[in-house]
1. I'd like the full set of residues that are closer than 22 Å to B:Arg131 by Cα and charged (D, E, K, R), limited to segment B:175-217.
2. Filter segment B:31-41 for residues that are part of a loop (DSSP other than H, G, I, E, B), away from ligand 2 (no atom under 16 Å from the Cβ) and in contact with a Lys or Arg (Cβ under 9 Å, 6 or more places away or on another chain) and give the result.
3. Test of understanding: among B:Val222, B:Val213, which residue is outside any strand (DSSP E or B), within 15 Å of ligand 3 (Cβ to nearest atom) and within 13 Å of the chain's Cα centre (by Cα)?
4. Checking B:Ala111 against (1) within 13 Å of chain A (Cβ to nearest Cβ); (2) at positive phi; (3) surrounded by 14 or more Cβ atoms within 10 Å (Cβ to Cβ), which single condition isn't satisfied?
5. Any residue in segment B:217-239 that is free of Cβ contacts under 8 Å to residues at least 60 places away in the same chain sitting within a Cβ distance under 6 Å of a residue that is crowded, with 24+ Cβ neighbours inside 10 Å? List the pairs, counting only those 6 or more apart or interchain.
6. Considering every residue within segment B:76-83, establish whether at least one is among the acidic types (Asp, Glu) and outside any loop (DSSP other than H, G, I, E, B).
7. Looking at this structure, is A:Trp208 in contact with a helix residue (DSSP H, G or I) (Cβ under 6 Å, 6 or more places away or on another chain), on the phi < 0 side of the Ramachandran plot and more than 14 Å from chain B (Cβ to nearest Cβ)?
8. Return a yes/no flag: does segment A:192-203 have any residue that is in contact with a Pro (Cβ under 6 Å, 6 or more places away or on another chain), over 15 Å from A:Gly264 (Cα atoms) and in the same structural domain as A:Val256 (by TED's automatic domain parsing).
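The values are calculated or read from the model by the stated rules, or taken from the named source; none is laboratory data. Bear in mind that the values here come from a model prediction, so they are computed numbers and not experimental data. Glycine also receives a Cβ, built like all others from the backbone with ideal geometry; neighbour counts cover every protein chain displayed.
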Amino acid sequence: MRKYFGRKIFVYALTFFAAVTINWMIPRLMPGDPIKSRLARASLNDAGAAEALYGYFNKMFGLDLPLWQQYLNFWVSLFQGDLGISIWNFPTPVIDLILGAVPYSLGLLLPSIILSWLVGNWFGAYAARSKWLDNTILPIGYILTATPYMWLALLLAWSLGIVAGLFPAAGSYGLSLQPAFTWTFISSLLEHWFLPFLSLFLVALGGWAIGMRNMIIYELESEYSNYLQALGAPRRLIRKYAFRNAMLPQLTGLAVQLGTVVAGALLTEIVFSYQGLGYLILQAIQNQDFFLLQGTFLFIVIGVLIANFIIDIVYALVDPRVRVQMQGGAK
Amino acid sequence: MTLEVSDLRVYYRTLRGDVRALDGPTFTVADGEIMGLAGESGSGKSTLSKSLIRLDGRMRYIGGSVTLDGDEMPIWDDRAMDEFRYKRVSIIPQYAMSAMNPTRKIGKMIAELLESRGVRFRDVRDELHRRLELVELERDVLDRYPLELSGGMKQRTVMVISTLLNPSLLIADEVTSALDVSTQRAVAETLVEFRDREFVKSMIVVTHDISLVYQIADTIMVMYGGRLAEKASAKTIIEMPKHPYTKMLLDSLPEVGVKYEDKRLSGIPGSPPGLLNPPQGCRFRDRCPLADKQCLEQPPFVEVESDHHVACWKAE
Ligand SMILES: Nc1ncnc2c1ncn2[C@@H]1O[C@H](COP(=O)(O)OP(=O)(O)O)[C@@H](O)[C@H]1O
Ligand code: SF4
Ligand SMILES: [Mg+2]
């Protein structure tokens with residue numbers, strides 16, 4: 001048991017290290033000079049003043065140091081929870097911007113992932129037992145999974161948002177409102193939340209339904225099902241086993257899909273101008289704010305790693321095969 | 001008679017037409033008889049075995065009857081057959097290694113299976129323990145997952161599960177083909193022991209390897225192209241076969257002193273006929289050295305000597 005988790009933790013630590021390093025490198029490899037473009041927008045006429053400001057900012061962001069020093073500093077401040085100062089929203093600390101955006105992203109992600117997983121598995125399991133349902137759910141499922149997140153988001157924003165006017169198509173809450181614990185604010189929040197949630201939910205739903213349907217059919221044709229049928233076991237028992245066993249790979253699938261769903265959520269936020277991490281990333285790119293970009297990416301990577309780790313643990317707890325292997329394998 | 005099969009026809013419906021995989025065999029299996037069922041791959045052995053317990057989705061019952069202890073089995077009716085399954089006719093599948101649900105403890109799975117068949121687990125638990133002991137398994141296999149057992153242990157566990165309700169007829173389809181030689185012998189001996197202790201009344205042991213089944217079978221039935229070629233006592237089949245196919249099958253077996261691999265390569269020249277459009281008359285015709293015009297007509301499966309049935313015009 002300890003060995004199993006020890007190995008897992010080692011792998012996660014390694015992934016984390018690589019992710020941080022790559023994350024540090026990427027913005028530095030991006031073309032353009034963020035401070036220059038920042039200053040250009042300030043449109044200073046005096047060349048000397050621009051020069052001085054440039055040097056000042058460079059020093060302040062630590063960009064005048066040798067690369068290896070920048071890299072080490074990056075790690076040190078990372079552990080101090082310091083992700084630097086935003087260039088776009090100067091001088092707000094990056095961590096504050098991120099912490100402000102995280103609740104919005106989680107509020108979209110968690111419900112859409114969990115609900116699409118539950119509902120998708122449920123639909124898939126039903127599709128596997130009824131021809132009629134199968135013939136409807138399967139094609140719909142395939143269309144949904146094949147739809148790019150961005151595309152469905154645009155479609156929903158346009159149809160339900162702009163044309164039908166049922167839901168607001170942009171923003172996280174009404175422009176005139178201030179965040180507060182009032183009914184007006186919360187209902188506005190929910191209204192703005194619904195469309196981005198729906199588009200994430202729908203795309204993921206199709207994949208889970210198809211996956212579950214195929215897994216159940218596979219399990220029903222497996223040899224243990226065959227054996228039970230030959231011994232006259234009722235369908236009820238065989239289905240119960242098949243459902244249980246089909247759930248397990250769906251759980252692994254959840255871990256595998258997590259990255260895609262998160263990426264999908266980022267795009268969806270951009271489409272709906274929803275103020276989560278995706279929106280921050282867009283701002284960071286447009287303003288060449290690489291501290292913000294770095295910080296946001298880092299946060300996402302850590303989030304995905306933690307979620308994966310949790311799924312790993314849950315999986316080990318529910319699948320006896322993994323449990324047995326952890327205790328030393330077949331005797 | 002435990003089992004009486006009469007003119008049983010079971011085909012595979014395919015897009016290109018019916019595959020006549022089981023085309024009218026008529027035979028009986030007596031009380032206490034272990035019948036070996038032999039024949040090359042593709043001769044219809046599995047189709048026959050499955051027909052006696054559960055048709056798979058692609059198989060279609062065409063005609064004929066199967067009677068077990070005097071009661072006709074409704075093999076065309078999947079639901080009605082459930083009554084017979086496990087309690088009166090049971091099977092040790094070819095895939096014993098993967099026959100148990102991997103995510104259930106073995107004991108729990110057995111309990112759920114029994115309860116679902118209306119048998120109280122409590123009532124058979126002691127007998128289950130005794131039988132596990134008989135096949136040299138610890139009682140605690142019931143607390144383990146299939147993954148924790150070796151191949152041989154799984155095989156023995158499945159043998160115990162399949163026979164737990166003392167069925168009249170047990171079908172064992174190629175149960176030994178995936179095993180090494182010493183395990184093969186142990187499994188074969190266990191089958192005989194189960195019969196001797198009357199856990200099962202009669203048995204059909206399917207194999208493509210006559211020499212193996214010879215060690216345990218009372219009688220041997222040879223199939224060819226979805227039909228019966230010959231049935232007689234094991235001794236008669238080995239020592240005085242009458243059907244040209246049986247003779248060639250035996251000739252292709254390794255003899256004492258001959259290296260197995262050398263012989264195996266030779267086999268019987270040619271291959272069994274496809275059963276989508278089987279040849280008219282005797283299905284062995286194009287491989288038979290004795291074939292002549294008469295063989296264009298199908299030879300009946302007749303008793304040429306007492307308890308010795310053959311389907312060949314040239315066997316008298
Ligand atoms: N699902 C299927 N569809 C069509 N033909 C089949 C199918 N399964 C078996 N057959 C055919 O039925 C015949 C008998 O097969 P089988 O009973 O498996 O033989 P054996 O067990 O003796 O090897 C073969 O000719 C085989 O090609
Ligand atoms: S009936 Fe004719 S073809 Fe068939 S086995 Fe006998 S001799 Fe050969
Ligand atoms: Mg077979």
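1. Within segment B:175-217, B:Arg185, B:Glu189, B:Glu193, B:Arg195, B:Asp196, B:Arg197, B:Glu198, B:Lys201 meet the criteria.
2. Answer for segment B:31-41, where residues must be part of a loop (DSSP other than H, G, I, E, B), away from ligand 2 (no atom under 16 Å from the Cβ) and in contact with a Lys or Arg (Cβ under 9 Å, 6 or more places away or on another chain): B:Asp31, B:Gly32, B:Glu33.
3. Numbers: B:Val222 fails: outside any strand (DSSP E or B).
From the options B:Val222, B:Val213, the qualifying one is B:Val213.
4. Failing condition for B:Ala111: (2).
5. B:Ile237/B:Ile220
6. yes
7. Yes: the conditions hold for A:Trp208.
8. For segment A:192-203, residues in contact with a Pro (Cβ under 6 Å, 6 or more places away or on another chain), over 15 Å from A:Gly264 (Cα atoms) and in the same structural domain as A:Val256 (by TED's automatic domain parsing): present.
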